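The values are calculated or read from the model by the stated rules, or taken from the named source; none is laboratory data. Keep in mind the model is a prediction, meaning the values are calculated, not measured. Virtual Cβ from ideal backbone geometry, glycine too; neighbours counted across all protein chains shown. Surface areas here come from the heavy atoms of the whole protein model, side chains and all, with no ligands, DNA or RNA. Shrake-Rupley method; radii C 1.70, N 1.55, O 1.52, S 1.80 Å.
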Amino acid sequence: MTKRNKRVAVLSPIAWRTPPRQYGAWETVASNITEGLVARGWDVTLFASRDSVTRARLHAVVDKGYEEDSAVDPKVAEYLHISEAFERAAEFDLIHSHYDFMALTYTRLVKTPVLTTIHGFSSAKIMPVYQKYRDGYFVSISDSDRAAGLNYLATVYNGIDLSLYPLQEPGGDDLIFLGRIHPDKGVHLAIEVARLSGMRLIIAGIIQDEAYFREQVKPHLDDQNILYIGPVGVPGKNELFARARALLHLNTIPERFGLVLVEANAAGVPVIAMDLGSCREVIKDGQTGFLADNVTEAVRALGRISEIDRRACRSRVRQYFSIDTMVEGYERVYSTIFDLEAKRRP
């Protein structure tokens, strides 16, 4: 297979810019795949918002992400965006979709094969769509986050640009939380760990559940021991990593992947995470952080943070969660699809 003879369309979400300025995990991954493919010689067109930044060919019908422009109707933007990619399907040898269940409904209308990276199942209500199109081509982002009956070709872990997250040594004394302010992410548990350990906690991220923030987070904020600083971009993350003793990720539901775990480890920051879902795949217990089953175990793990080698954290990210490793995984998947498609032709 000659890479330059294959034309790939990457269909990114359009909630945020690709790559996002702050929050936007799916857009981050779509961007990293796109840039990684271009660097390795692929002919790539990125379908994303018009303000996106890429070395690939950019095709856009929506100016800005609907989360960044209140004048944009999300559903109108999404369907203009998705349909545009599929109306141009004949221009490509493969469409690599990061658009969840909605794009699946177009896949049987085109001859071009479509690979769907499943970034998570947001609700049981969307599963009928996945079941209808279960014979398509799918990739999971962790072994733990799979649904029975789908035609998975591989698990390909998300990869990050390590150059964005330099190693931070020796680290600081604060606990940090980075992510959506939502019950699923366990911000209230991070606050409890900070309170029991007597350590300062800095919370950063978008407020996705206003009631949860108002009732279970805001009452504990005192601008001294428990602080909320809002959403942050890459520079803000690095400032937090530089002052962090550990990142707390006490998720209350099975994690799908957990990009922030990898970003923290890349900077050398150990992670204490709940042993749910993909956390066991991303965090090497006792080497890049600790897995816990409850708050008590998380507090106990803080007493062992000095056992973690910060350089070993970064080394494991380079081996398993870099852009190159991710793109190599997708190249193998692409080859499988091209071989399967060739066999189906008369």
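Only helices (runs of 4 or more DSSP H) whose full extent lies in segment 253-341 are considered here, and the ones with at least 3 residues that are open to solvent by 30 Å² or more (accessible area, probe 1.4 Å) are 295-302, 310-320. SER97 passes every criterion in (1) open to solvent by 50 Å² or more (accessible area, probe 1.4 Å); (2) of a type in the set (Ser, Thr, Tyr); (3) in contact (Cβ under 8 Å) with a residue 40 or more places away in the chain apart from (1).
Within the option set VAL10, VAL61, being aliphatic (A, V, I, L, M) and open to solvent by 40 Å² or more (accessible area, probe 1.4 Å) holds for one residue only, VAL61. Scanning segment 76-125 for residues that are aliphatic (A, V, I, L, M) and closer than 13 Å to LEU11 by Cα yields LEU80, ILE82, ALA85, ALA89, LEU94, ILE95, MET102, ALA103, LEU104, VAL114, LEU115, ILE118. Restricting attention to segment 100-128, the residues being of a type in the set (Phe, Trp, Tyr) and within 20 Å of ASP143 (Cα to Cα) number 2. If you take the residues of segment 64-83 that are over 25 Å from VAL110 (Cβ atoms) and among the aliphatic types (A, V, I, L, M), which of them is nearest to the chain's Cα centre (by Cα)? Checked segment 64-83; the qualifying residue nearest to the chain's Cα centre (by Cα) is VAL72. Applying a threshold of 6 Å to beta carbon distances and a minimum spacing of six or more residues, or different chains, the list of pairs starting in segment 237-263 at a residue that is in contact (Cβ under 8 Å) with a residue 40 or more places away in the chain and ending at one that is in a helix (DSSP H, G or I) and acidic (Asp, Glu) reads THR252/ASP184; ILE253/ASP184. Taken over segment 103-119, the criterion of being of a type in the set (A, V, I, L, M, F, W, C) and open to solvent by 20 Å² or more (accessible area, probe 1.4 Å) is satisfied by LEU109, VAL110. Of the numbered conditions (1) hydrophobic (A, V, I, L, M, F, W, C); (2) touching a His at 6+ places or on another chain (Cβ under 7 Å); (3) more than 24 Å from TYR23 (Cβ to Cβ), ILE141 satisfies every one except a single condition; which is it? Among (1) hydrophobic (A, V, I, L, M, F, W, C); (2) touching a His at 6+ places or on another chain (Cβ under 7 Å); (3) more than 24 Å from TYR23 (Cβ to Cβ), ILE141 violates only (3). Quick check, is GLU169 modelled with pLDDT of 95 or more and open to solvent by 60 Å² or more (accessible area, probe 1.4 Å)? So GLU169 fails the test.
The residue pairs whose first member lies in segment 308-319 and is acidic (Asp, Glu), whose second member is in a helix (DSSP H, G or I) and surrounded by 15 or more Cβ atoms within 10 Å (Cβ to Cβ), and whose beta carbons are closer than 9 Å, counting only pairs six or more residues apart or on different chains, are ASP309/SER315. Restricting attention to segment 40-75, the residues being touching a residue at least 24 places away in the same chain (Cβ under 8 Å) and among the aliphatic types (A, V, I, L, M) number 6.
So that you can scan it fast, the table gives a plain yes or no per residue for (1) open to solvent by 50 Å² or more (accessible area, probe 1.4 Å); (2) more than 15 Å from LEU189 (Cβ to Cβ); (3) among the polar types (S, T, N, Q); (4) out of contact with any strand residue (DSSP E or B) (no Cβ under 6 Å at 6 or more places or on another chain):
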| site | (1), (2), (3), (4) |
| --- | --- |
| ARG200 | yes, yes, no, no |
| ALA204 | no, yes, no, no |
| PHE213 | no, no, no, no |
| GLY230 | no, yes, no, yes |
| VAL234 | no, yes, no, yes |
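Would you call ARG17 buried (at least 18 other Cβ atoms within 10 Å of the Cβ), at pLDDT 95 or above and basic (Lys, Arg)? So ARG17 passes the test. With respect to PHE121, determine if the residue is touching a helix residue (DSSP H, G or I) at 6+ places or on another chain (Cβ under 8 Å) and touching a residue at least 24 places away in the same chain (Cβ under 8 Å). Criteria met by PHE121. Looking only at segment 120-149, residues that are in contact with a strand residue (DSSP E or B) (Cβ under 6 Å, 6 or more places away or on another chain) and either of a type in the set (Val, Ile, Thr) or open to solvent by less than 20 Å² (accessible area, probe 1.4 Å) (or both) come to 4 in all. Just checking, does segment 111-125 include any residue being in a helix (DSSP H, G or I) and modelled with pLDDT under 95? Looking for residues that are in a helix (DSSP H, G or I) and modelled with pLDDT under 95, one finds at least one in segment 111-125, hence yes. For the criterion of being more than 17 Å from GLU27 (Cβ to Cβ), within 20 Å of the chain's Cα centre (by Cα) and surrounded by 14 or more Cβ atoms within 10 Å (Cβ to Cβ), PHE92 fails.
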